[in-house]
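First the structure, then my questions, so here it is.
None of the figures in this text is laboratory data; all of them are computed from the coordinates on show. What you see is a predicted model; the values in this text were computed from it and never measured. Cβ sites come from the backbone with ideal geometry, for glycine too, and all protein chains shown count toward neighbours.
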Amino acid sequence: MAPELRVVGKPLPRVDAYGKVTGKTVYAADFTLPGMLFGKVLRGTEPHARIVRIDARRALTLPGVRAVISAADVADVRYGGALKDETVFAREKVRYVGQPVAAVAAATSEAAEAALAAIDVVYDPLPAVFDVEGALAPGAPLVHEAWETYSAIPILYREGNICNRARILAGDVERGLAEADRVFEHRFTTRMVHQGYTEPRAAVAAWDSAGQVTVWSNTQLPFEVQNTLAEILQLPPSRIRILVPGIGGGFGGKLRVGVEHFAALLARKTGRPVRVITTSEEELTAAYPRQGTIVELKTGVTRDGRLTGKQGRIFFDTGAFAGSGPGVASVATLILAGPYCIPNLHLEGYAVYTNKTNCGSFRAPSGPQANFAVESQMDIIADALGMDPLDLRLRNIVREGDEGPTGQLLTGVGLEECLRRAADAIGWNDRRPGPSRGKGIACGWWTTTGGSSGVYVKINPDGTVALNTGAAEIGTGALTGAAQVLAEQLSVELSDINLVSADTYSTPFDFGAQGSRTAFSVGNACRAAAADLRRQLFALASRQLGVEPDALELRERHVVAGGKRVSLADLSRLSQQSGGGLIAHGTFIAPPTPYDTKRVEAHVYPAFHSPSFHAHAVDLAVDPETGEVTLHRYVVAQDVGFALNPTYVEGQIEGGVAQGVGQALSEEIVYENGRVVNPNLTDYKMPTTLDLPRIESILVQHPSAVGPYGAKGVGEPPNIEPPAAVANAVAAAIGVRITSLPITAEKIVMALRKETP
Amino acid sequence: MRKLPLSLTINGETHELLAEPHHPLLEVLRTQLGLIGTKENCLEGECGVCTVLLDGMAVNSCLLLAAQCQGRRIVTIEGLGGPETLHPLQETFVEHGAVQCGYCIPGMILAAKAYLDQNPEPTEGEIREALSGNLCRCTGYQKILDAVLAAAGVLAPMR
């Protein structure tokens, strides 16, 4: 019989809670150093233009101004992820409104502002492309004329303004569509949205006399930022130290280098520590938001509701630089397939350059956009066939042992349970409970991203345990989950674990806070370290107690054998006297997920590791006069594998839904001719306490074979289904289908009046 | 610009300092006094992370000039409690899992305190109204509401 769990699976308070409720936690935006200067970034004002001249002479004469830098002051390097197309400052031309052109350091923030205003930049405007259609039109201006000279991972398919086209090809889609009784073709659109973290991106950089730079940053990926800064500064990574204090939310928006490079360059130029922090306007015009998309779906189905083939294309407006685009376009194809068994697929994801801000990763990148299209269309198909949308889904969903779209074997599949429980909870048998009131359902699947994790775990002479990890805690509670795994394994309490995190000098490598992987991967690394420590502890205890090691076990902070016992504290002290102390290095890398390589082209992410499955159901009302949507109930049934800490798993679900409801109903970065017209938190409308119902979480637990105690990635999935679930409920309520996000009151009223915008 | 001599009462302690006449209270708290528990974000009164108490009322310290605060009682998160003496709201925020990234939490707790001090037995709907000026992007607000309701239950009998 498995021993009863003491720490994992329990709703314990997170390890960093007290610092946060007392205001003691120091975030990157709070961090200061003596003598620190304030850096600010001058941003381009034209969507596409040649830079004729940058004149900073007047700015340099202003009081308090210490330095102005621009492209001429930095090495001519292009950096980026899968595709290296980005530069620190615009060189020769600007490609979006908001692109960095120069940066200043001054004694005060106000002096830095004044200096920005005193820099003269003369532009010679060029023809620009403002959307995907424009960028793909014959003869469209190229955002990057020299795209062919950029370095990229070799598998990408690139052509002009297309910076990747990823494909899944399975079966024979022509045949699949020919076999269908009905073929449905639809087009959906979504808009650019921002992660909306409450702490701006911030960094403080300081150089020491040995030519090494230390950067305190709120990045989610300290090791990636270290490597990117190494490229930009032309230094070995070991001369760059990234430390991550508290992070005020990330959601994917703080993955890539954000302001760290400006701080480091200005600090090198001035010889003083420099801090750079973004404004709300910079966040909404020049950060790494979620791409707007166009999705085209052509789906074949038999009369009795069996999906026979699907042809789909999703176009990501990735902005002036590739950002996460090539990978996001790849992941999207797995979402376009849906969590359904469809034998014939031809799915394409395009990442397309335009003269807009550089888009990035936002919680479940590509998930909400592609799922909105897929799950809206499922409801349209069900209505057309006269089927219940739940039944249509149940007829086609993947189940245990089925094949994923690229041929991966699916295990731990809890999707049917999710759908049935969400439907039951929302009262699905009464889908239209009143006038202008309706219920909607949507389901999906997602990955638990791989990447490796290392931890050092040390047992202190008082019996407490130090967990040293390169992972960053962005607020999810993932490191509390990992610490619970460690405490369970070492027979200590969660309060015995001291966490040391994210210092690229001293903490072991971690792939970073991305892809719903932190609790999963760091938790498994903790398991490995605990196994090593058990061996060390048992070797010492065996000599102390005169018992063979295999007769020993860990219990309540002691190694015990029958009536004999010795504490972890005593064994730690013994080791310090004799063997350099108790320490272990635990590592984890998710095993590769086999898939059929012949089914993919230019694909960066061909299979979902330890996939999770989920269903959302919503009950809402629409005011037919104003178009306003009121959410009454929202239910999520998510297959989390195993909930390491139910409180924070629910917290992820509640927060993910809130963000998803924002994208569904109100959030949009509005561009007009290449300029953002709502770059402030008044006009960029994120949900408040008044906009959300209580979110009811049902934790379904079909364990992953790989995750700690069966856990799967939890953080991103709840952000995927809200737009589709809301769109389907709106359609149920008023009989009108809105195919573009956000589903604003205005769109609803116009649709009811059969007007076009 | 000439700096103004100011006398500010913060968390029961009087601070004599010089501040630019146009500087908001937030700037003085964070930069001059090192009270970084009051957070900085939008700087235009939209997000609520800079919320402090002014004579018991929740206000956005980014919009309030420091010079307007003379002779008034300012309370920041640092004045609410410490690890040894947590305020019931701080306790319930921990217990109910209301904290994720935590950046909005000092402002959220102070906004809740200001409201509970005036309305000791609120409904959930009233708490939603009271906290509608404080954005949180992590939690969906649910566990924050649970924490405030629980704190109201703890605080009510103490009055």
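So for each of A:618-629, A:507-518 I average, over its residues, the number of other beta carbons within 10 Å; can you give me the resulting order with the highest mean first?
Ranking, from highest mean packing down: A:507-518, A:618-629.
Out of A:SER542, A:GLN577, A:GLN652, whose Cα points farthest toward the positive end of the dipole of chain A (charges: +1 Lys, Arg; -1 Asp, Glu; placed on Cβ)?
A:GLN577
Report ³J(HN,Hα) in whole Hz for each residue of the range A:276-286, in order, from the Karplus equation J = 6.51 cos²θ - 1.76 cosθ + 1.60 where θ = phi - 60°; Gly and Pro get x.
Values per residue, Gly and Pro as x: 10, 9, 7, 8, 4, 5, 5, 4, 8, 10, 8 Hz.
Working from the alpha-carbon coordinates of the range B:88-158, get Rg over Rh, Rh being the Kirkwood radius.
0.92
Also, I was wondering about something else. Would you pull out the residues with amide H under 5 Å of A:VAL101's amide H, same chain only if 5 or more places away, H placed 1.01 Å from N?
A:LEU42, A:ARG43, A:GLY44, A:ALA90
What does the net charge come to around A:ARG306 if you take all other residues with beta carbon closer than 13 Å to its beta carbon, with K and R at +1 and D and E at -1?
Surrounding charge for A:ARG306 is +1.
Follow-up question, since we're still on this one. Would you tally the net charge around A:LEU12, using a Cβ to Cβ cut-off of less than 13 Å, leaving A:LEU12 out, and scoring K and R as +1, D and E as -1?
That works out to -2.
Going through the cross-link list A:LYS20/A:LYS269; A:LYS356/A:LYS747; A:LYS310/A:LYS439; A:LYS298/A:LYS356; A:LYS310/A:LYS747; A:LYS598/A:LYS712, which pairs have a Cα-Cα distance over 32 Å in this structure?
Exceeds cut-off: A:LYS20/A:LYS269.
Return the sequence-ordered ³J(HN,Hα) values of the range A:464-475 in whole Hz as given by the Karplus equation 6.51 cos²θ - 1.76 cosθ + 1.60 applied to θ = phi - 60°, using x for Gly and Pro.
7, 10, 9, 10, 10, 10, x, 7, 10, 8, 9, x
Based on alpha-carbon positions alone, could you give the equivalent ellipsoid semi-axes of the range B:4-79 from the gyration tensor, as √(5λ), descending, whole Å?
17, 14, 11
How big is Rg to Rh over the protein assembly as shown, alpha-carbon atoms, Rh as the Kirkwood inverse-mean-distance radius?
Ratio value, two decimals: 0.97.
For the ranges A:47-55, A:656-664, what's the packing order if you count other beta-carbon atoms within 10 Å of each residue, average per peptide, and put the highest first?
Packing proxy ranking, top to bottom: A:656-664, A:47-55.
Within a 10 angstrom radius of each residue's Cβ in A:248-260, how many Cβ atoms of other chains show up on average? Whole number is fine.
2
Mind checking which aspartates and glutamates have their Cα closer than 18 Å to the Cα of A:LYS93? Skip sequence neighbours fewer than 8 apart in that chain.
A:GLU46, A:ASP55, A:ASP73, A:ASP76, A:ASP85, A:ASP120, A:ASP124, A:GLU145, A:GLU148
Hey, another quick one. What residues qualify as long-range amide H neighbours of B:ARG72, i.e. H under 5 Å apart, gap of 5 or more or another chain, H built at 1.01 Å from N?
It is B:THR9, by chain and number.
Then there is this: Measure off 7 Å from each Cα along the Cα-to-Cβ vector at A:LYS24 and B:GLN68, then give the distance between these two points in nanometres to one decimal.
About 3.3 nm, to one decimal.
Another question, if that's okay. Determine, from the Cβ-Cβ distance of A:SER151 and A:ALA107 and an R0 of 30 Å, the FRET efficiency 1/(1 + (r/R0)^6), rounded to the nearest 0.05.
E between A:SER151 and A:ALA107, to the nearest 0.05, is 0.15.
Which of the listed residues, B:VAL59, B:HIS23, B:LEU43, is farthest toward the dipole's positive end in the range B:4-79, when Lys, Arg count +1 and Asp, Glu count -1 at the beta-carbon?
Farthest along the dipole direction, towards plus: B:VAL59.
Follow-up question, since we're still on this one. When Rg is the radius of gyration of the Cα atoms in chain B and Rh is its Kirkwood radius, what does Rg/Rh come to?
That ratio is 0.98, to two decimals.
Please give the length that would be gained between B:ASP55 and B:LEU17 if that part of the chain were fully extended, namely 0.36 nm times their separation in residues minus their C-alpha to C-alpha distance (nm, one decimal).
11.7 nm
On average, how many beta carbons from a partner chain sit within 10 Å of the beta carbon of a residue in A:10-19?
What the average comes to for A:10-19 is 4.
Can you give the charge dipole size of chain A about its Cα centre, rounded to the nearest 20 debye, using +1 on the beta carbon of Lys and Arg and -1 on the beta carbon of Asp and Glu?
1100
Next question, about the same structure. Find how much the distance from A:LYS564 to A:ASP623 grows on full extension, using 0.36 nm per residue of separation minus their present alpha carbon separation; answer in nm with one decimal.
14.1 nm
Whole-Hz ³J(HN,Hα) for each residue in the range A:436-450, computed from phi via Karplus 6.51 cos²θ - 1.76 cosθ + 1.60 with θ = phi - 60°, x for glycine and proline: what do you get?
Result, ordered by residue: 6, 10, x, 10, x, 9, 7, 9, x, 9, 7, 9, 10, 4, x Hz.
So if we plug the beta-carbon distance of A:GLU92 and A:ASN680 into 1/(1 + (r/R0)^6) with R0 = 35 Å, what FRET efficiency do we get, rounded to 0.05?
Result of the calculation: an efficiency of 0.65.
Using 0.36 nm per residue, how much length does the chain from A:LYS754 to A:ASP76 gain when fully extended, once their Cα-Cα distance is taken away?
Difference between extended and current length: 238.7 nm.
What number, in nm² with one decimal, is the all-direction average of the projected area of the convex hull of the alpha-carbon atoms of the range A:106-239?
15.7
Which parts of the range A:728-757 would a label at A:ALA384 reach, counting a residue when its backbone N lies under 19 Å from a point 7 Å out along Cα-to-Cβ?
Under 19 Å, as judged by backbone N against the label point of A:ALA384, lie A:728-729, A:731-732, A:735-740 of the range A:728-757.
In straight Cα distance, which lysines are under 16 Å from A:LYS24, not counting same-chain residues fewer than 8 positions off?
Correct list for A:LYS24: B:LYS39.
In debye, nearest 20, what is the charge dipole magnitude of the range A:27-121 about its Cα centre with +1 on Lys and Arg Cβ and -1 on Asp and Glu Cβ, if you could check?
Magnitude of the dipole: close to 240 debye.
Cβ under 14 Å from B:ALA130's Cβ, B:ALA130 left aside: what net charge do those residues give with Lys, Arg +1 and Asp, Glu -1?
Cβ neighbours under 14 Å give a net charge of -3.
Got a sec? How would A:SER491, A:SER330 order by Cβ neighbour count within 10 Å, fewest to most?
Least to most surrounded, the residues fall as A:SER491, A:SER330.
Counting other Cβ atoms within 10 Å, which GluC sites (Glu not before Pro) in the range B:42-88 have at most 16 and lie in a DSSP loop?
Filter output for the range B:42-88: B:GLU44, B:GLU84.
Within a 10 angstrom radius of the beta carbon, how do A:LEU284, A:LEU568 rank from fewest other beta carbons to most?
Lowest count first: A:LEU284, A:LEU568.
How would A:TYR288, A:TYR456, A:TYR648 line up from fewest to most surrounding beta-carbon atoms within 10 angstrom?
Ascending Cβ contact count within 10 Å gives the list A:TYR456, A:TYR288, A:TYR648.
Can you give the charge dipole size of chain B about its Cα centre, rounded to the nearest 20 debye, using +1 on the beta carbon of Lys and Arg and -1 on the beta carbon of Asp and Glu?
Here chain B has a charge dipole of around 280 debye.
Using a Förster distance of 51 angstrom, determine the FRET efficiency expected from the C-beta separation of B:VAL154 and A:GLU553, and round it to 0.05.
Efficiency computed from Cβ-Cβ geometry: 0.80.
7 Å from Cα along Cα→Cβ at both A:ASP462 and A:GLN234: what's the point-to-point distance in nm?
Each label point is offset 7 Å from its Cα along the Cβ direction, giving 5.0 nm.
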